[in-house]
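I have placed the structure first, in the form of structure tokens, so that the comments after it can refer back to it.
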Amino acid sequence: MFYKDGLLMRSDIFDSSVAHGFSGKNGGVSTHPHTASLNLAMGREDSDDTVRENIDIFARAITGGALGGNSAVCAPQIHSAIVRRVGRENCGEGVTRNAPLEGDGFVTDERGVLIFVRVADCTPILLAGEKSDGRTVIAAVHAGWRGTAKGIAAEAVSAMCDMGCVKQSIRAAIGPHIGVCCYEVGEDLFHEVVFLRGRDFANRYVSPSGHTVGKYFCDMSGMNREILLDSGVAAENIDITTHCTYCMSDVYYSHRKTSGKRGAMGGGIVIL
């Protein structure tokens, strides 16, 4: 179950071995009308120093003040299914120094490495599990519709298992994103999902709007949940928020609601 905790939304699906959180748009230092106030993305009219301060606020909110923004790792996102393994040597990438690689997900088994992804309608997914010796493995992914259909959630599970994570232990939290109530898309998206995942899958999650020919409503929660289930994550280990970023644009940045004039939120997780 998701619950509000200060600046963040959190899920009780995770135990105390990790700290995590999904930010909203409020609680930061950005003053530009489009990015006020907890914008976590560079290049959106805030100065880089302002964004770094916001990332520091985000990191400290997640960890109860234990870790700052210099512990964080992020990267330019490209709507891919690329999940990259990182460690302590990568801390600061995308924050205090340039990230060397693009991608849409991270996995790590090292303490003190805050991996996070940025979203503003796309779906943030955080995952955690244990190795047979009890050590924790975590992942964070940015799943837009392309990354979702390409199976980035499955890639995260696979990457965790490649590091020795026991699949049955994996828990996943699907954070705030645009809901099926508001995510109206065109026929081209339907056909692309058919191409990537098959017609039956597309028919389940990209449904005709019923009032406009050639328009559909896309269910990102359902798509990612099925992909996680097919990857071996137990149904009881998947938590999904009911918050729609478009409906709740006073709380969350929404790319669609603002025609792209917005900041970005974050979904982050770290091993304590």
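Distances over 25 Å make up what percent of all Cα-Cα pairs in the chain?
Value for the chain (Cα pairs over 25 Å): 40 percent.
Look at the alpha carbon pairs under 8 Å that are at least 6 residues apart: their mean separation over the length of segment 102-248 gives a relative contact order of 26 percent.
Using helices alone, what [θ] at 222 nm do you get for the chain, with -39,500 (n - 2.57) per DSSP H run of 4 or more residues, divided over all residues and rounded to the nearest 500?
On the way: 6 runs with 62 residues, N = 272.
Computed ellipticity for the chain at 222 nm equals -7000 deg cm²/dmol.
All C-alpha to C-alpha distances of segment 182-272, sorted into 10 Å bins beginning at zero, yield P(r) values of 14, 35, 39, 12, 1, 0 percent in whole numbers.
Residues of the chain: accessible area per residue at 1.4 Å, in Å²? All intermediate terms of the calculation are to be shown ahead of the outcome.
Details: 11040 Å² over 272 residues.
Computed with neighbouring chains in place, this is 41 Å² per residue.
3J(HN,Hα) along segment 108-121: 7, 10, 9, 5, x, 10, 8, 8, 8, 10, 10, 8, 7, 2 Hz, from the Karplus curve 6.51 cos²θ - 1.76 cosθ + 1.60 with θ = phi - 60°, whole Hz, x for Gly and Pro.
Protein-only accessible surface at a 1.4 angstrom probe places the residues MET248, MET1 in the order MET1, MET248, largest first.
Taking all pairs of distinct Cα atoms, average 1/r, flip it, and tell me the Kirkwood hydrodynamic radius of segment 26-122 in Å to one decimal place. Could the numbers behind the result be given before it?
Working: mean 1/r = 0.0734 Å⁻¹.
The Cα-based Kirkwood calculation yields 13.6 Å.
For segment 87-132 and segment 230-272, what is the separation of their Cα centres, given in Å? Centre-to-centre (Cα) distance: 16 Å.
At what distance in angstrom do the alpha carbon centres of segment 172-190 and segment 67-81 lie from each other? The two parts, judged by their Cα centres, are 22 Å apart. Between THR242 and ASP162, the distance separating the two model label sites (each 7 Å from Cα on the Cα→Cβ line) works out to 3.8 nm.
Using only alpha carbons, build the gyration tensor for segment 66-213 and give me the equivalent ellipsoid semi-axes, biggest first, whole Å. Each step should come with its number before you reach the end.
On the way: eigenvalues 186, 64, 32 Å².
Semi-axes (√(5λ), whole Å): 30, 18, 13.
The values are calculated or read from the model by the stated rules, or taken from the named source; none is laboratory data. What you see is a predicted model, and the numbers here were worked out from it, not measured in a lab. Quick reminder, even Gly has a Cβ in these numbers, built from the backbone with ideal geometry, and neighbours come from all protein chains shown. Keep in mind that these areas ignore ligands, DNA and RNA; they rest on the heavy atoms of the full protein, side chains included. Shrake-Rupley method; radii C 1.70, N 1.55, O 1.52, S 1.80 Å.
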